[in-house]
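The values are calculated or read from the model by the stated rules, or taken from the named source; none is laboratory data. Just so it is clear, the structure is predicted and the values come from calculations on it, not from any experiment. Cβ placement follows ideal geometry from the backbone for every residue including glycine, while neighbour counts extend to all protein chains displayed. Surface areas here come from the heavy atoms of the whole protein model, side chains and all, with no ligands, DNA or RNA. Shrake-Rupley method; radii C 1.70, N 1.55, O 1.52, S 1.80 Å.
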Amino acid sequence: MNKNSSLEQAFNPQLFEYQAEQVVQALMSYLQSAQSEAIITNDYQSPEDSLAYWQKHFDHTPFDLKHFLQTVLDRSMHLHHPKYVGHQVGVVAPLSALMSLVSSLLNNGMAVYEVGQVSSTLERIVIKELAPYFGYGEQADGVLTSGGTLGNLTALLTARACKAKESVWENGHTHKLAIIVSEEAHYCVDRAVRTMGWGEEGAIKVPTDDRFRMRTELLESLLQEAQRKGIQVIAIVGSACTTSTGTFDDLKAIGAFCQAHDLWFHVDGAHGAAAVFSPDYQKLVDGIEMADSVVMDFHKMLLTPALTTGVFYKDGKHAYRTFHQKAHYLWNNQEETEWFNYGKRTFECTKLMMSLKVYAIMKAYGISLWEEYVTQMFDLGKEFAQLIRRTPNFELAIEPDCNIVCFRYAPKEVEDLELLNNQIHQRLYEKGDFYFVKTKLRGNTYLRTTLMNPSTRLSHLQELLEQIEEEGIKLTQTIERYSSIS
Ligand SMILES: *Cc1c(COP(=O)(O)O)cnc(C)c1O
């Protein structure tokens with residue numbers, strides 16, 4: 001290789017060290033300034049402005065790593081800022097992020113043991129160590145996969161392999177299949193069902209009660225109705241918790257119903273299964289031990305970079321039935337339960353070495369890190385709810401189960417709360433000081449916060465309410481002026 005060639009440079013270890021120092025330096029100063037609130041949460045740019053900026057950068061700006069990094073940092077969402085209270089994406093513990101770097105550079109493929117000895121072995125240990133937190137026994141096992149969406153699809157494919165009366169994997173569908181799930185479940189469950197080719201009828205939606213919990217007393221009649229139509233229900237999916245409101249379904253009731261009717265019980269615990277680590281909140285997931293499978297995102301409530309999702313099975317051998325297909329160049333026999341060839345049980349072929357990210361956290365800080373974090377964030381959700389109830393002109397959507405809190409600004413004199421709350425959200429989003437989101441509940445717009453950041457305090461949330469009110473008052477005046485003119 002020519003010493004000055006790009007190829008030589010691209011693999012030069014000294015250059016890598018120099019670049020890595022710049023990256024770490026930039027990220028360190030990002031962490032400091034986000035945590036100390038020296039920067040804002042999000043510098044809003046419209047999609048058009050953002051595209052114009054980066055196109056110009058691509059076309060005209062010579063590459064300078066330091067400048068590039070700074071620009072990326074300035075223009076990104078700062079999840080480490082205590083005023084980040086938006087989507088339920090994990091606020092990453094830096095050690096875990098460093099493991100992403102290791103995974104990226106080593107790039108061990110993971111489909112087969114040969115190209116991922118360490119990460120495959122650590123995956124085994126991580127899954128086996130965590131399974132007992134779900135109340136699972138020795139038989140339990142599972143895999144890490146790329147996101148809750150894929151995790152739920154994987155678990156439902158396992159359910160189909162175990163419960164459908166025919167082998168769909170071999171012969172395709174000849175009978176209609178369905179699962180039963182709450183109308184408030186994450187949309188990926190519906191998407192998984194449609195991906196499997198079951199159409200709209202394939203997800204039988206259970207209405208929810210006034211706290212958005214699945215009305216389990218309706219399960220019997222929904223099951224009978226499906227049977228009358230000739231649809232085989234194979235599974236029920238419980239939400240732990242729902243995405244919009246953070247509501248935990250009654251897993252005990254669902255579990256008992258599944259046992260009585262020989263159905264697969266799957267828990268979508270992408271966000272809330274982490275409650276198992278908190279003695280104060282594990283009652284939210286009572287009954288999870290009855291689940292045949294559980295999905296839990298480490299990149300939500302467990303301080304790990306995306307995407308890192310666990311699919312846990314009460315009886316680990318079921319996972320080998322998910323994908324029966326033969327891949328002779330990778331392994332000899334799909335039917336053999338080799339824990340070390342993960343590609344047999346995951347949708348992915350090549351896969352990130354995600355176990356490193358989880359293992360490092362578990363070893364460096366212990367499970368107590370998650371216990372402390374989950375408890376603190378769920379507590380803060382309750383405190384925020386109390387604050388909202390005490391503050392005039394604000395309305396809590398429901399009493400929160402966890403760290404997802406929905407509310408709206410609702411002064412009595414304002415008629416169009418929809419318009420008002422949508423506009424408040426837009427204004428504050430563009431301002432970029434706080435980042436929070438909104439959601440529709442039974443047709444009404446609510447502001448939605450997910451408290452993910454361990455440095456968020458009640459005083460920040462007090463300030464959020466003040467900013468909302470301030471914006472609300474300004475907008476109400478404009479709206480009044482506007483309506484008196486028209
Ligand atoms: C976030 C979420 C998902 C989707 O998980 P991804 O990791 O984003 O694919 C599924 N279900 C629930 C309940 C969630 O909160």
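So in the chain, what percent of DSSP beta bridges are antiparallel if you round to the nearest 5? Display every interim value, and only then the final one.
Details: 24 of 43 bridges.
Restricted to the chain, the bridges split so that about 55 percent are antiparallel.
Over the stretch 207-357, calculate the relative contact order: mean separation of alpha carbon pairs under 8 Å at least 6 apart, over the residue count, as a percent.
15
Ordered by packing density, taken as the mean number of other Cβ atoms within 10 Å over each peptide's residues, highest first, how do 385-391, 293-299, 406-412 rank? Don't skip to the end; give the middle numbers.
Values: 385-391: 15.1, 293-299: 28.1, 406-412: 19.3.
Result, highest mean first: 293-299, 406-412, 385-391.
Using the beta-carbon distance between Arg215 and Glu8 and R0 = 60 Å, what value does 1/(1 + (r/R0)^6) give for FRET efficiency, to the nearest 0.05? Spell out each step's value before the answer.
On the way: r = 65 Å, r/R0 = 1.09.
So, using R0 = 60 Å, E works out to roughly 0.35.
Per residue, how much accessible area does the stretch 311-427 show when a 1.4 Å probe rolls over the protein heavy atoms, in square angstrom?
Value returned for the stretch 311-427: 46 Å² of accessible area per residue.
Compute the semi-axes of the equivalent ellipsoid of the stretch 208-346, taking the square root of 5 times each eigenvalue of the Cα gyration tensor, and list them largest first in whole Å. Could you put the intermediate results ahead of the total?
Numbers: eigenvalues 163, 102, 29 Å².
The answer is 29, 23, 12 Å, longest axis first.
Given only helices, namely DSSP H runs of n ≥ 4 each adding -39500 (n - 2.57), what is the per-residue ellipticity at 222 nm of the chain, to the nearest 500 deg cm²/dmol? Write out the running numbers ahead of the final one.
Values: 16 runs with 211 residues, N = 486.
Computed mean residue ellipticity for the chain: -14000 deg cm²/dmol.
Suppose the chain between Asp286 and Phe16 were pulled fully straight at 0.36 nm per residue; how much longer would it get relative to their current alpha carbon spacing? Walk me through the intermediate numbers first.
Numbers: separation 270, 0.36 × 270 = 97.20 nm, distance 4.88 nm.
Gain on extension, Asp286 to Phe16, equals 92.3 nm.
Which log10 I(q)/I(0) values does the stretch 276-421 give at q = 0.09, 0.11, 0.13 Å⁻¹ under the Debye formula, counting every alpha carbon as one identical point scatterer?
Each listed q maps to, in turn, -0.48, -0.65, -0.80.
Averaged per residue, what accessible area in Å² does the stretch 72-162 show with a 1.4 Å probe, protein chains only? Working shown, then result.
Details: 3390 Å² over 91 residues.
Here the residues of the stretch 72-162 average 37 Å² of exposed surface.
Work out the length of the dipole vector of the stretch 90-243 about its Cα centre, built from +1 on the beta-carbon of each Lys and Arg and -1 on the beta-carbon of each Asp and Glu, and round it to the nearest 20 debye.
Working: 14 positive and 17 negative charges, 41 e Å.
For the stretch 90-243, the charge dipole is close to 200 debye.
Pairs of Cα atoms under 8 Å, at least six residues apart: use those to get the relative contact order of the stretch 356-440, whole percent.
On the way: 67 pairs, mean separation 14.6, N = 85.
So the answer I get is 17 percent.
State the volume of the convex hull built on the alpha-carbon positions of the stretch 114-174, expressed per residue in Å³ and rounded to an integer. Display every interim value, and only then the final one.
Details: hull volume 8.2 nm³, N = 61.
Here the figure is 135 Å³ per residue.
If I take the Cα coordinates of the stretch 172-275 and project them onto the principal axes, what are the three extents in Å, biggest first?
39, 27, 22
Give me the percent of Cα-Cα pairs in the stretch 392-478 that sit more than 18 Å apart, rounded to a whole number.
Values: 1468 of 3741 pairs.
Everything past 18 Å amounts to 39 percent.
Once label points are set 7 Å from the Cα along Cα→Cβ at both Gln386 and Leu105, what is their separation, rounded to one decimal in nm?
4.7
For the stretch 93-211, what is the convex hull (Cα atoms) projected area averaged across all directions, in square nanometres? Show your work: numbers first, answer last.
On the way: hull surface 43.8 nm².
Taking the Cα atoms of the stretch 93-211, their convex hull projects to 11.0 nm² on average.
What spacing in nm lies between the two simple spin-label points modelled at Thr71 and Gln45, each 7 Å away from Cα in the Cβ direction?
0.8
In whole percent, how big is the carbon plus sulfur part of the accessible area of the stretch 206-287, probe 1.4 Å, protein atoms only? Show your work: numbers first, answer last.
Working: 1320 of 2930 Å².
So the carbon and sulfur contribution to the accessible surface is 45 percent.
Would you please give the residues with an amide H less than 5 Å from that of His324, counting only those at least 5 places away or on a separate chain, with H modeled from the backbone geometry?
none
With θ taken as phi - 60° and the coefficients 6.51, -1.76 and 1.60, list the Karplus ³J(HN,Hα) couplings across the stretch 430-441 in order, rounded to whole Hz; mark glycine and proline as x.
Result, rounded to whole Hz: 5, 5, x, 6, 9, 10, 9, 10, 9, 8, 9, 10.
Would you list the P(r) distribution for the stretch 1-118, with all Cα-Cα distances sorted into 5 Å bins from 0 and each bin expressed as a whole %?
2, 8, 13, 16, 17, 17, 13, 8, 4, 1, 0
Can you tell me the length gained on complete extension of the stretch Ile473 to Ser36, counting 0.36 nm per residue apart and subtracting the Cα distance?
Working: separation 437, 0.36 × 437 = 157.32 nm, distance 2.93 nm.
Residue separation times 0.36 nm, minus the Cα-Cα distance, leaves 154.4 nm.
How far is it, in nm, from the label point at Tyr53 to the one at Leu95 when both lie 7 Å from their Cα along the line to the Cβ?
3.4
Between Lys205 and Gln139, what length comes free when the chain is fully extended (0.36 nm per residue of separation minus the Cα-Cα distance, one decimal in nm)? Don't jump to the answer; show the numbers that get you there.
Values: separation 66, 0.36 × 66 = 23.76 nm, distance 3.14 nm.
Gain in length upon complete extension: 20.6 nm.
To the nearest 20 debye, what is the magnitude of the charge dipole of the chain about its Cα centre, counting +1 on the Cβ of each Lys and Arg and -1 on the Cβ of each Asp and Glu? Please report the intermediate quantities before stating the final value.
Values: 45 positive and 60 negative charges, 138 e Å.
My answer is approximately 660 debye.
Averaging sequence separations of C-alpha pairs under 8 Å and six or more residues apart, then dividing by the length of the chain, give the relative contact order as a whole percent.
Relative contact order of the chain: 21 percent.
So what are the radius of gyration and Dmax for the Cα set of the chain, in Å?
Reported Rg and Dmax, both Å: 24.4, 77.
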